Amino acid sequence: MKFEEAMDNLNSIIEKLENKDTQLDEGIELYQKGLELARLCLSSLEEAKGKITLIKKEFSKLTEEPFGQE
Amino acid sequence: MRTYSVFQVTSYLKNVIDSEELLKNIIICGEISNFKVTGPNAYFTLKDEQAQIPCVFFEYVPQFLIKEGDKVYCQGSPSFYIRGGRLSFIVNKIDVAGEGEEYLKLLRLKEKLKNEGLFDLKIPFPKHIKKIGVITSAEGAAIYDIISVVQRRDKSVNIAVYPVRVQGIGAEYEIVDAIKQLENYESIDCILVARGGGSYEDLSAFNTEEVARAVAMCKKFVVSAVGHETDYTLCDFSADLRAPTPSAAAEVLTKNTQEIVNNIKQKIKYLAKSLSEFYSYNYTKLNYSFLRLGSAAESKLYRIRDKILSKVNKLQSISFFNDKHNLYNQAFSRLKSNNPKKILSLGYAKVYKDGKSVNSARDVRKGDEVTMFFKDGKVNADIL
C-alpha cells in the first residue's frame with residue numbers, strides 16, 4: 001500500500017471511531033487497523049532513502065551514476 | 001483669438017501627454033539629483049548634460065541605496081500635474097545602471113520577452129516530487145546546499161545532478177542543452193536551475209535570451225535559483241517559480257517529513273482517545289438503560305455490559321494504549337477544564353439564594369437576598 005493511500009485509510013478509520021453509530025464489535029478492530037496503518041506510514045517515511053546521482057550524456061543518451069564518485 | 005482658463009489649458013496639456021502612446025511606459029536614463037523621500041513617495045530630478053525632468057515615484061520601496069549623481073534607468077510615463085501646473089515623470093521602477101549599454105540592452109531584451117508573453121508561460125506546481133533534476137555546476141557550493149536541505153527535509157526525494165558550466169563563454173548553451181535533455185527525461189518530476197551568488201557578469205549566462213527561452217518553453221516545471229536574494233535574472237522571470245537562493249529552492253520543492261511524522265504520532269494518540277470515548281459513550285448509555293429498565297431485563301443487560309467490559313480490558317492490554325497514566329491525565333484534564341473555579345476565573349459569578357444555586361432569572365424576585373461568588377470571594381446582594 002502506498003503512503004498516501006495508508007494516510008487516507010487512517011483518516012477514515014478515525015472518522016469511523018468518532019461516529020457513535022459504529023457497531024460495538026468494530027471498535028477494537030478499527031483501532032488495531034488504525035495502529036497498523038499509522039506504523040506503516042511511519043516506517044515508509046523513515047525507511048525511504050533517496051538517491052543522489054550524476055547525469056552523464058553518452059551518445060545522446062542519459063545515464064546516471066552515484067554522485068561524488070569521480 | 002480665444003481666451004482660456006488656466007484649468008482648461010492645463011487639463012488639455014494633461015490629456016495630450018497622457019494619451020501620447022510614444023511616451024507610455026518608457027525608460028529614461030539619467031543622473032539622480034535632489035532625491036527626497038516624503039511620506040510613501042520619492043521625489044527627484046533626472047538630469048543629463050542638456051536637460052532635466054522632475055520625477056515622482058509613488059509608494060516607493062527602497063531596494064538599494066540611491067545617491068546624488070547615480071546613473072539610473074527609470075521606467076514609467078510622464079504626466080501633467082494640473083494643480084501644480086508642472087510635468088512630472090511618474091516612475092514605477094528604478095534600476096541602477098550596471099555596465100552602461102550592456103545593462104540597457106538587457107532591459108530591452110527583458111522588455112521584448114515580456115511583451116512576447118514569455119514570462120507568462122507558467123506550469124502549475126507538481127503534486128508529487130520524487131526526483132529533482134538539478135542543472136548546476138558539480139563543483140559549486142550550490143549543489144551541496146541543495147542536497148543538504150533536501151536530505152534534511154525529505155530523505156525519500158532523489159536528486160539527479162546535470163553538471164554544466166554556469167559561467168564563461170558558451171555556458172548558456174550548456175544550460176540550454178541540459179534543460180532540453182531533462183525536459184524529455186522521464187523519471188524527473190521537476191527541474192531546478194541553480195547557481196550561487198556572483199557578480200553581474202558571473203550571472204550573465206542566465207541573462208541570455210537562449211536560456212530564458214529554453215526555461216520558459218520547458219514542458220517540465222522549472223525553478224530558477226540564481227545568485228543571491230537581490231539578483232534577478234531573465235532565467236528567474238521565465239521560470240515557473242523563482243527562489244531567492246538554491247537552498248530556498250530545495251526547501252520549496254520538498255515537504256518537511258518531520259512535520260508529517262509528528263502528525264501521524266498525533267493521529268495515533270487521537271485514535272486511542274476516540275476509542276476510549278467510543279466505549280465510554282456506550283458504557284454510559286447502557287448504565288442509563290439499567291436505571292430505566294426493571295429487573296426483568298437486567299440479566300440480559302448484564303451480559304451485554306460484560307461484553308463491553310471485556311472489550312475495554314482487551315483494549316487496555318494492547319500496547320500503545322496500555323498507558324493508564326495517559327488515560328488518567330486525559331480524564332484529569334477533562335475534569336480540570338470543567339472545574340467551576342476555572343469558569344469563575346474568567347470573570348463570571350455564581351449566584352445562590354438560601355443556599356441553593358440560582359440558574360435562572362425566574363428563580364429570584366424583587367427583595368430577595370442573594371449571595372454572589374466571585375473567583376476571589378463572595379458578596380451579598382439584594383434584588384431590586
| field | Output for the stretch A:29-57, where each listed residue is at pLDDT below 80 and either within 21 Å of B:K311 (Cβ to Cβ) or touching a Leu at 6+ places or on another chain (Cβ under 9 Å) (or both) | value | none
| query | When the residues of the stretch B:326-384 are filtered to those that are among the aromatic types (F, W, Y) and either in the same structural domain as B:S274 (by TED's automatic domain parsing) or at pLDDT below 80 (or both), which remaining residue is nearest to B:K273 (Cα to Cα)? | reply | B:Y328
| remark: Across the stretch B:337-380, the tally of residues that are surrounded by 10 or more Cβ atoms within 10 Å (Cβ to Cβ), hydroxyl-bearing (S, T, Y) and in a loop (DSSP other than H, G, I, E, B) stands at 2
| Which ones in the stretch B:11-40 are surrounded by 12 or more Cβ atoms within 10 Å (Cβ to Cβ) and touching an Asp or Glu at 6+ places or on another chain (Cβ under 7 Å)? | B:G30, B:E31, B:I32, B:S33, B:F35
| message | If I filter the stretch A:7-14 for residues that are surrounded by 14 or more Cβ atoms within 10 Å (Cβ to Cβ), at pLDDT 85 or above, touching a Phe, Trp or Tyr at 6+ places or on another chain (Cβ under 6 Å) and at the interface with another protein chain (Cβ under 7 Å from one of its Cβ atoms), do I get at least one hit? | response | no
| task | List every residue pair whose Cβ atoms sit under 8 Å apart, with the two residues 6 or more apart in sequence or on different chains, where the first one lies in the stretch A:38-65 and is closer than 19 Å to B:D189 by Cβ and the second, anywhere, is exposed (fewer than 14 other Cβ atoms within 10 Å of the Cβ) and of a type in the set (V, I, T). | result | A:I55/A:T63
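List the strands (runs of 3 or more DSSP E) inside the stretch B:11-118, counting only whole elements, that have at least 3 residues being closer than 23 Å to B:D236 by Cβ. Outline the logic, then answer.
On the way: elements: B:26-38, B:41-47, B:52-57, B:71-81, B:86-96.
Qualifying strands (runs of 3 or more DSSP E): B:71-81, B:86-96.
Determine which member of the set A:L17, A:L24 is within 7 Å of chain B (Cβ to nearest Cβ), over 14 Å from the mean Cα position of the chain (by Cα), assigned to a helix (DSSP H, G or I) and among the hydrophobic types (A, V, I, L, M, F, W, C).
A:L17
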| task | Would you mention how many residues in the stretch A:37-63 are within 14 Å of B:A160 (Cβ to Cβ) and within 7 Å of another protein chain (Cβ to nearest Cβ)? | result | 8
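Taking the stretch B:144-182 only, how many residues are within 30 Å of B:N262 (Cα to Cα) and touching a strand residue (DSSP E or B) at 6+ places or on another chain (Cβ under 9 Å)? Spell out how you get there, then give the answer.
The first filter runs over the stretch B:144-182 and keeps only residues within 30 Å of B:N262 (Cα to Cα), leaving B:144-160.
Next, only the ones that are touching a strand residue (DSSP E or B) at 6+ places or on another chain (Cβ under 9 Å) stay: B:145-147, B:150-151, B:157-160.
The total comes to 9.
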| task | Return the residue satisfying two criteria in turn: it lies in the stretch B:227-268 and is in a loop (DSSP other than H, G, I, E, B) and touching a Ser or Thr at 6+ places or on another chain (Cβ under 8 Å), and of such residues it is modelled with the highest pLDDT. | result | B:A239
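The values are calculated or read from the model by the stated rules, or taken from the named source; none is laboratory data. Please read all numbers here as calculations on a predicted model, not as lab measurements. Counting neighbours? That spans all protein chains shown, and the Cβs are built from the backbone with ideal geometry, glycine included.
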